[in-house]
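Let me begin by presenting the structure, written as structure tokens, before commenting on it.
The values are calculated or read from the model by the stated rules, or taken from the named source; none is laboratory data. Predicted, not measured: the structure shown is a model, and the values here were computed from it. When we count neighbours, we look across all protein chains shown, and the Cβ atoms used for this are built from the backbone with ideal geometry, even at glycine. SASA here: full protein model, heavy atoms, side chains in, ligands and nucleic acids out. Shrake-Rupley method; radii C 1.70, N 1.55, O 1.52, S 1.80 Å.
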Amino acid sequence: MKKLYFVMALLLVASMVLAACGGGAPSEADCSKDAVFCVGLVTDVGKVNDKSFNQSAWEGVQKAQADGSADVIQFIETADAKDYAKNIATFADAGYDVIVTVGFGLGEATNEAALKYPKVKFIGVDQFQAWQFTEDTADDIPNVTGLNFPEDNAGFLVGALAAMMSKSHVIGAVCGTDVVPPVWRFGEGYKAGAAYADKLMGTTTEVQVVYHSDVGFDKTFTDPEWGAQTAKAMMDKGADAIFGCGGLTGNGAITAAAQAGKYAIGVDADQYLTLPEAAPRMLSSAMKLITPGVAELIALAKQGKIEGGNFLGDAGYAPYHDLDSEVPANVKETMEKINKGLLDGSIQTGVSPTKP
């Protein structure tokens, strides 16, 4: 009878994960066994195929499986922020070894779950672990690793590029809420990069940066219509390069810019590869190398070498792809020098870790 109840429980958990993911055959593997290494991912509000942040993290989990670091992988798409804890618990109760949670908004729920499930390793993408820098060890959560990035560096790079490529000397950025530190760093880095390029080139560029902070977390990153309207308003004021940094909201801005024949600049991943409707006018993307960062941390977890605290991933900018011939040689050379300076520290963005 106990065996029957155990099998029924496993089937119930599998059906919960299947329903949350919207399809796919559930795995029959028992994630509670040491020999089976299971990794689950919980998205922020939005879809796993958002062609941006959630998708990049999921591709990192898939890479970990392809590399042999994970046996069973699955995701749950969060429809409402109030479901964060429930979605995380679905994987934890099923015996998953690693749970990846995507985005700043899941930080609190992730840390609370880590305290409740001390044997599970948690990877929080864009979740800064402040406890690592306090003297009080009672606050430590050793089974949580925050994967963070220098977003200001990536924003700085594409801001400089936009300023150097703009013919109108007016550029824009359409972003999610500035309550989220990484989003704010992208936007402020964009401004700083444009100012740096102006000093080098002897130009003056007007930079319009708008954050979608007038709505809640359930809307700020999933509002492509608002993103498109905001981008169009910027272009009406002369902007000929638009940076979209905010999930589907940013994608709306990028697509609108591309359709208008302006320069489009993506975020997080190389969106030339994930946003085909904007690809012909995609000048570059401000990249957080989320996919390799997630895969590396999962591999470390599999090896028993992952450490709690913060792990700094890499940032950069994407190739020019179809627009390569439009980018002058001196601009390409300058971009390489700026990137090198940011990496070796000789160039500083001046952007603080959080909004003052």
Checklist entry - Can you tell me which residues in the stretch 130-158 are among the aliphatic types (A, V, I, L, M) and within 19 Å of the chain's Cα centre (by Cα)? => result Val144, Leu147, Ala154, Leu157, Val158
Checklist entry - When the stretch 263-279 is examined, which residues are found to be open to solvent by 10 Å² or more (accessible area, probe 1.4 Å), within 18 Å of the chain's Cα centre (by Cα) and at pLDDT 95 or above? => result Tyr272
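Could you count how many residues in the stretch 76-109 are open to solvent by less than 30 Å² (accessible area, probe 1.4 Å), outside any loop (DSSP other than H, G, I, E, B) and touching a helix residue (DSSP H, G or I) at 6+ places or on another chain (Cβ under 8 Å)?
Matching residues across the stretch 76-109 total 17.
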Next on the checklist: Take the conditions among the acidic types (Asp, Glu), in contact with a Ser or Thr (Cβ under 6 Å, 6 or more places away or on another chain) and not in a helix (DSSP H, G or I) and apply them to Glu135. Does it pass?
Outcome noted: no
Next on the checklist: With the requirement that a residue be modelled with pLDDT of 95 or more and either farther than 12 Å from Ala154 by Cα or loosely packed, with under 13 Cβ neighbours inside 10 Å (or both), what does the stretch 333-347 give you?
Outcome noted: Glu333, Thr334, Glu336, Lys337, Lys340, Gly341, Ser346, Ile347
Next on the checklist: With the condition being open to solvent by 20 Å² or more (accessible area, probe 1.4 Å) and touching an Asp or Glu at 6+ places or on another chain (Cβ under 7 Å), I'd like the helices (runs of 4 or more DSSP H) fully within the stretch 167-248 carrying at least 2 qualifying residues.
Outcome noted: 181-201
Checklist outcome for this item: Selection from the stretch 31-69 of residues closer than 14 Å to Lys302 by Cα and either hydroxyl-bearing (Ser, Thr, Tyr) or surrounded by 24 or more Cβ atoms within 10 Å (Cβ to Cβ) (or both) yields Val39, Gly40, Val61, Ala64, Ser69
Checklist entry - Among the residues of the stretch 221-232, is there at least one that is modelled with pLDDT under 95 and within 20 Å of the chain's Cα centre (by Cα)? => result yes
Checklist entry - Scanning the stretch 304-327 for residues that are free of Cβ contacts under 8 Å to residues at least 40 places away in the same chain and either in contact with a Ser or Thr (Cβ under 6 Å, 6 or more places away or on another chain) or not charged (D, E, K, R) (or both), which turns out most open to solvent (accessible area, probe 1.4 Å)? => result Ser325
